[in-house]
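Quick one: this structure, given as structure tokens, is what I'll be asking you about.
The values are calculated or read from the model by the stated rules, or taken from the named source; none is laboratory data. The model shown is predicted, which means the values in this text are computed figures rather than measured ones. Note that each Cβ is placed from the backbone with ideal geometry, even for glycine, and that neighbours are counted across all protein chains shown. The accessibility values were calculated without ligands, DNA or RNA, using every heavy atom of the protein model including side chains. Shrake-Rupley method; radii C 1.70, N 1.55, O 1.52, S 1.80 Å.
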Amino acid sequence: MLLEVEDLTVHYGNVNAVRGINLSVERNEIVALIGANGAGKTSTLGAISGVRPKSGGRVRFEATDISDVPAHRMVGLGVSHVPEGRGIFPGMSVIENLQMGAYSRHHAKRSDLEADYARVHELFPLLAERSGQAAGTLSGGEQQMLAIGRALMTRPKLLLLDEPSMGLAPMKVQQIFEIMMTIREQGTTILVVEQNAAQILQRADRAYVIENGTVVRSGVARELREDPAIRAAYLGGDTGRGLHPGS
């Protein structure tokens, strides 16, 4: 098992945003977290990567307890987080953003870094074309590509993606999902938070459904996609209805 999360809790003051979540991710999987806005999905990712403080619970990565590892050390362990909203450096050029992704690997061989730039440019040819352009002038979809490309420059073993399709045009959404599949085929494991449940449940290996900070359903993604309750709650039915009885 690459990632194991046990009884994870997160508080914002008196608000209990994540309530004892348990989940796991095997190597070379795409695992999805789905649920309504405010369910605790983003807080879960943030707690795993260290950008959100944990109130309790344990996180193990490659069988090592990383619960207390600070966010700035996670990249060196092989965990890279693409946050909701992308978090690019808008005043820097595209290439400078990618260079920031490689910052933690300043001792790497030049040939290795050049291979990583080539990989990112193969996945996202537009980034090569706009290498000198200010990142803040890119479209939303292009900025999302840059954010993912920057994360890949760290050579992650585990890539955490938070809402990669949010706010994108349908054509860009399809492109992002196709690239996600390619990244997995190249050997990078992915844990993704995604509002577009219909699309991600077609592509992920497994999924967890989160409501009110807890996991209420988990299983093979395609099987969950055919579950009547999941379809009603997240795939175009009564989207206000949760999976808890009476919710």
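In this structure, is ALA118 open to solvent by 20 Å² or more (accessible area, probe 1.4 Å), over 16 Å from the mean Cα position of the chain (by Cα) and either at pLDDT below 95 or more than 22 Å from LEU45 (Cα to Cα) (or both)?
Yes.
Where residues in region 14-47 are aliphatic (A, V, I, L, M) and in a helix (DSSP H, G or I), which of them is farthest from ARG184 (Cα to Cα)? So that I can check it myself, show each step before the final result.
Keep residues of region 14-47 that are aliphatic (A, V, I, L, M), which gives 15, 17-18, 21, 23, 25, 30-34, 36, 39, 45, 47.
Subsequent filtering for residues that are in a helix (DSSP H, G or I) retains 45, 47.
Numbers: LEU45: 18, ALA47: 23 Å.
The qualifying residue farthest from ARG184 (Cα to Cα) is ALA47.
Name every residue in region 13-49 that is free of Cβ contacts under 8 Å to residues at least 24 places away in the same chain and not small (Gly, Ala, Ser), in order of residue number.
Let us first name the residues in region 13-49 that are free of Cβ contacts under 8 Å to residues at least 24 places away in the same chain, namely 13-15, 24, 38.
Of everything in region 13-49, those that are free of Cβ contacts under 8 Å to residues at least 24 places away in the same chain and not small (Gly, Ala, Ser) turn out to be ASN14, VAL15.
Do the conditions hold for ILE230, that is, is it surrounded by 13 or more Cβ atoms within 10 Å (Cβ to Cβ), modelled with pLDDT of 90 or more and more than 20 Å from SER49 (Cα to Cα)?
Here the answer is yes, as ILE230 does meet what is asked.
Restricting attention to region 71-78, does a residue exist that is β-branched (Val, Ile, Thr), part of a helix (DSSP H, G or I), surrounded by fewer than 22 Cβ atoms within 10 Å (Cβ to Cβ) and modelled with pLDDT of 95 or more?
No, region 71-78 contains no residue that is β-branched (Val, Ile, Thr), part of a helix (DSSP H, G or I), surrounded by fewer than 22 Cβ atoms within 10 Å (Cβ to Cβ) and modelled with pLDDT of 95 or more.
Collect the residues in region 59-70 that are assigned to a loop (DSSP other than H, G, I, E, B) and either open to solvent by less than 60 Å² (accessible area, probe 1.4 Å) or in contact (Cβ under 8 Å) with a residue 12 or more places away in the chain (or both), keeping them in residue-number order.
GLU62, ALA63, ILE66, SER67, VAL69, PRO70
Further, regarding this structure: Which condition number does LEU98 fail, the rest of (1) over 26 Å from GLY140 (Cα atoms); (2) outside any loop (DSSP other than H, G, I, E, B) being met?
In the conditions (1) over 26 Å from GLY140 (Cα atoms); (2) outside any loop (DSSP other than H, G, I, E, B), LEU98 misses (1) alone.
Listed here are the residues, each with its yes/no results for (1) within 26 Å of GLY213 (Cα to Cα); (2) among the basic types (Lys, Arg); (3) within 16 Å of the chain's Cα centre (by Cα); (4) open to solvent by 10 Å² or more (accessible area, probe 1.4 Å).
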residue	(1), (2), (3), (4)
HIS11	yes, no, no, yes
ILE21	yes, no, no, no
VAL82	yes, no, yes, no
ILE95	no, no, no, yes
MET100	no, no, no, yes
GLU114	no, no, no, yes
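With the requirement that a residue be open to solvent by 10 Å² or more (accessible area, probe 1.4 Å) and touching a residue at least 24 places away in the same chain (Cβ under 8 Å), what does region 122-136 give you? Before the answer, list the steps.
Filtering region 122-136 for residues open to solvent by 10 Å² or more (accessible area, probe 1.4 Å) gives 122-123, 125-126, 128-134, 136.
LEU123, ARG130, SER131, GLY132, GLN133, ALA134, GLY136 - these are the residues of region 122-136 that are open to solvent by 10 Å² or more (accessible area, probe 1.4 Å) and touching a residue at least 24 places away in the same chain (Cβ under 8 Å).
Would you point out the residue of region 164-195, among those that are surrounded by fewer than 20 Cβ atoms within 10 Å (Cβ to Cβ) and in contact (Cβ under 8 Å) with a residue 60 or more places away in the chain, that is farthest from GLU4 (Cα to Cα)?
Only one residue fits best here, namely MET166.
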